[in-house]
Amino acid sequence: MTDITTRLQAMLSAGQDNLLLRFTLGKTMFERESFDAAIEHLTAALAFDDRFSNAWKLLGRARLAQGDREGARQAWETGAAAATERGDAQVAKEIAVFLKRLSKQDAERASD
């Protein structure tokens with residue numbers, strides 16, 4: 001684990017559980033390609049605020065990296081709704097691109 005990850009894990013172990021801590025741990029684990037841990041922390045972050053669209057976006061990417069296409073789609077659809085509701089136009093656009101790519105890949109798979 002990196003130094004930042006060790007410090008964040010220590011904070012969590014000390015009972016300092018919150019949205020930002022969990023999101024940061026999820027993002028860090030995603031970047032390390034530790035997708036199970038990323039999903040765990042991102043899901044925990046969303047328990048604090050289920051309208052945190054950036055967490056939904058990253059959760060979808062982590063699920064897709066594990067081959068869970070349907071889980072990714074569900075995360076992105078929920079994230080798109082959250083982003084629209086909160087006025088997060090940039091996140092909504094990014095998620096729309098991910099969903100479009102996923103649909104295109106699904107269509108290509110169906111035609112093979």
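Inside the stretch 82-112, can you point out the residues that are among the small types (Gly, Ala, Ser) and surrounded by fewer than 19 Cβ atoms within 10 Å (Cβ to Cβ)? Show your work before the answer.
Narrowing the stretch 82-112 to residues among the small types (Gly, Ala, Ser): 82-83, 87, 89, 92, 96, 103, 107, 110-111.
If the condition is that a residue be among the small types (Gly, Ala, Ser) and surrounded by fewer than 19 Cβ atoms within 10 Å (Cβ to Cβ), then GLY87, ALA89, ALA96, SER103, ALA107, ALA110, SER111 are the ones that fit.
Mind checking which residues of the stretch 62-81 are of a type in the set (Lys, Arg) and surrounded by fewer than 18 Cβ atoms within 10 Å (Cβ to Cβ)? Give the steps one after another, and end with the answer.
Of the residues in the stretch 62-81, the ones of a type in the set (Lys, Arg) are 63, 69, 73.
Hit for the stretch 62-81 is ARG69, nothing else.
Can you name the residue in the stretch 12-30 that is assigned to a helix (DSSP H, G or I) and surrounded by fewer than 15 Cβ atoms within 10 Å (Cβ to Cβ) and is also modelled with the lowest pLDDT among such residues? Spell out how you get there, then give the answer.
The initial filter retains those residues of the stretch 12-30 that are assigned to a helix (DSSP H, G or I), namely 12-13, 19-30.
The next check asks that each one be surrounded by fewer than 15 Cβ atoms within 10 Å (Cβ to Cβ); those that pass are 13, 20.
Numbers: SER13: 94, LEU20: 97.
This residue is SER13.
So GLU33 fits all but one of (1) part of a helix (DSSP H, G or I); (2) among the acidic types (Asp, Glu); (3) more than 12 Å from the chain's Cα centre (by Cα); what number is the exception?
Looking at each condition in turn, GLU33 falls short on (1).
When the residues of the stretch 34-45 are narrowed to those that are free of Cβ contacts under 8 Å to residues at least 24 places away in the same chain and crowded, with 22+ Cβ neighbours inside 10 Å, which ends up farthest from GLU85 (Cα to Cα)?
Our first condition is that a residue be free of Cβ contacts under 8 Å to residues at least 24 places away in the same chain; within the stretch 34-45, this holds for 34, 37, 40-43.
In the following step, the residues that additionally are crowded, with 22+ Cβ neighbours inside 10 Å were identified as 41-42.
Details: HIS41: 23, LEU42: 20 Å.
In this case the residue turns out to be HIS41.
Matching residues to (1) basic (Lys, Arg); (2) closer than 22 Å to THR24 by Cα; (3) in contact (Cβ under 8 Å) with a residue 12 or more places away in the chain:
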residue: GLY79; (1), (2), (3): no, yes, yes
residue: LEU102; (1), (2), (3): no, no, yes
residue: ASP106; (1), (2), (3): no, no, yes
residue: ARG109; (1), (2), (3): yes, no, no
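The values are calculated or read from the model by the stated rules, or taken from the named source; none is laboratory data. Please read all numbers here as calculations on a predicted model, not as lab measurements. Positions of Cβ are backbone-derived with ideal geometry, glycine not excepted, and every protein chain shown enters the neighbour counts.
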